[in-house]
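Scroll down for the structure; my scribbles are underneath it.
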Amino acid sequence: MTLLKEKAAAALGLPPSALLCVKLNRKSLDSRDKQDLRFVYALDVTCTAKAMPKSRKRGITADPIADKPLPQVEQGSEALLHPPVVVGAGPAGLFAALMLAEAGYQPLLIERGPAVPQRAADVEHFWSTGSLNEESNVQFGEGGAGTFSDGKLTFRGKDPLAKLVFDSFIEAGADPEIGYWYKPHIGSDRLQVVIPALRRRIIALGGRIAFNAKLTDVTLDSSGAVEAVTVNDTLTLPTQALVLALGNGARDSYRMLLQRGFTFAAKPFAVGFRIDHPQALIDTAQHGDFAPLLPAADYQLTWQDKENGRGYYSFCMCPGGHIVNASSQAGMLVVNGVSYAKRDSGRACSAIVGTVNPGRDFADTPEAALAWQEELEQRAYALGGGDYALPVQLAEDFINGVVTDASDARLQGFDPKAAAWRCADLNGLLPDGLNDGLKAALQHWQRVIPQFIGQGVLAGVESRTSAPVRMPRDESGQALAHPGCYPAGEGAGYAGGIVSSAVDGIRAAQALMRRFATPQTDFAEMPPLSD
């Protein structure tokens, strides 16, 4: 920081002693010129009024620094007679519950899966044995699907609530670097510390959390308003306010809500494979001779098939990570990516996917979208042998339609988090048009990253890039025709990552607060809880 202070003083034409405080606002890596990589810093500098520079050089302003205030919520007047219920302990649900708890609403957060310690044990057991727990896996449990991911905190929006999310993660134990690094991530190992810390904060503020508590019914009154929720088919809890932060894998919950008359719409999403490479290949392609001096590199790739109008892109790239078996339903298989804070596995993996659309790839109904996605995962399960083994193929063999020889040297370092993997022909998995387009995309990306095909290992199927359905909501943030229900996050079709989901969860809590007043008494009716 001393060197940055000296650089800042020089840029301002001031002696270093005139700078009272230098704060790192943003740090990025400019790698456009592989022979001249540079770190770029944005600094907030405080100096005496007398020393304040009058010049307006590019990138320098002489305005006082002030944090952007968070939007204020004008509280509603309707009385809350029962605890507001938040469903799902992923980012949207956690931050909705945190916001409500901080405002004194005493929320009850219910999560179908267990807390992190038990969930982590169940996931490791599945990865080592292939024995799936349908309620405790990479998709379900405290922290949501993001807990077993890279923990990327990419956010391209300008919503000031994002800063609140970052600050909350840092307070809960995340590396302070996420507050300024341009591509921040926490890492799955660190998330398993951070998420329980957020849970403890919710409880300390008066919120309650029930694990192994699955939403199995919603009771509506004659007007369609929320009246109660049922947990595990046995416990009915009255409530006027329900935040639905289900996560994009909760198909059984979608179908239950459809049966109760809630409105859903099919939406575009994307499917494809995971591709794995030696991390050194990506580092050299992105950082050139500087690769040994820099953290594990990532990439972002796109290609548009102009003939059929379908877009292809990389998604959820995990430097120094692993492909993982992320299945959550019996007889279905789905892959994802995970990496830890140090990103030091020596492998790099990413989803490579193409868009699919209602009315083109499946009927324009929520039921058809869910069924299409499930059928894809069933085919992947069968292609792997019917025991949750991942179907795997070298990218080169995929293009040529040849089943890979398991002894091929390019598979030596391939180390997915799965009980088993088997060589198969992935050409039998995706619809023909999507499959052919993905081959063309790979050939295009080979020109961007040398040996992208030659050293690539594919595993399928990547089908959970986003929810296949959306739960429409009105201007007040409530589900159409169902007052008191606030759909939120990725599962409701309104977010696409940890930060955007968390921000949407906060917005849902704020919408609830605009209708209901802070409870005047402590709520008594609560189920048995797991802390």
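Numbers at a glance
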item	result
Long-range Cα-Cα pairs in the range 348-422 (distance over 17 Å), rounded percent	60
Solvent-accessible area, 1.4 Å probe, carbon plus sulfur percent, for the range 190-344	50
The range 124-166: trypsin sites (Lys or Arg not before Pro) in DSSP loop, at most 13 other beta carbons within 10 Å	ARG156, LYS158
Estimated D of the range 139-296 in µm² per second, where Rh is the Kirkwood radius over Cα pairs and Stokes-Einstein applies at 4 °C, 1.567 mPa s	67
Rh by Kirkwood over Cα pairs, then Stokes-Einstein D for the range 453-493 at 1.306 mPa s and 10 °C, µm²/s	124
Hull volume in cubic angstrom per residue (convex hull over the Cα atoms of the range 403-499)	193
Radius of gyration, Dmax [the range 1-46; alpha carbons; angstrom]	12.2, 36
Pairwise Cα inverse-distance average, inverted: Kirkwood Rh of the range 332-465 (Å)	15.8
Pair GLU102, ASP415: separation of 7 Å Cα→Cβ label points (nm)	4.0
Carbon/sulfur fraction of accessible area - the range 463-506, other protein chains in place, 1.4 Å, %	52
Peptides 475-483, 331-339 ordered by average Cβ neighbours within 10 Å, highest first	331-339, 475-483
Inter-label distance, nm, simple model (7 Å from Cα along the C-beta direction), GLU124/ASN357	4.6
Net charge of neighbours whose Cβ lies under 12 Å from the Cβ of LEU205, counting Lys and Arg as +1 and Asp and Glu as -1	+3
Ranked order, ARG447, ARG190, ARG347 - accessible area, probe 1.4 Å, largest first	ARG447, ARG190, ARG347
Beta bridges per DSSP with both ends in the range 222-338, % antiparallel, nearest 5	100
Rough spin-label spacing in nm, given labels placed 7 Å along Cα→Cβ, for VAL402 and ARG260	5.5
Label assignment, Rg and Dmax of the Cα atoms in Å derived from the structure, set (1) 24.4, 74; (2) 27.9, 85; (3) 35.6, 125	(1)
Accessible area per residue in Å² at 1.4 Å probe, computed on the chain	42
Zero-based 5 Å bins, Cα pair distances in the range 311-366, whole percents	5, 17, 16, 16, 20, 14, 6, 4, 2
Percent of alpha-carbon pairs separated by more than 13 Å within the range 235-287	78
DSSP bridge orientation in the chain - percent antiparallel, rounded to nearest 5	75
Sparsely packed trypsin sites (Lys or Arg not before Pro) within the range 236-345, loop by DSSP, other Cβ within 10 Å at most 13	ARG260, LYS306, LYS342
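The values are calculated or read from the model by the stated rules, or taken from the named source; none is laboratory data. Fair warning: this is a prediction, and the values are worked out from it, not measured in the lab. All Cβ positions, glycine included, derive from the backbone under ideal geometry; neighbour counts span all protein chains shown. SASA here: full protein model, heavy atoms, side chains in, ligands and nucleic acids out. Shrake-Rupley method; radii C 1.70, N 1.55, O 1.52, S 1.80 Å.
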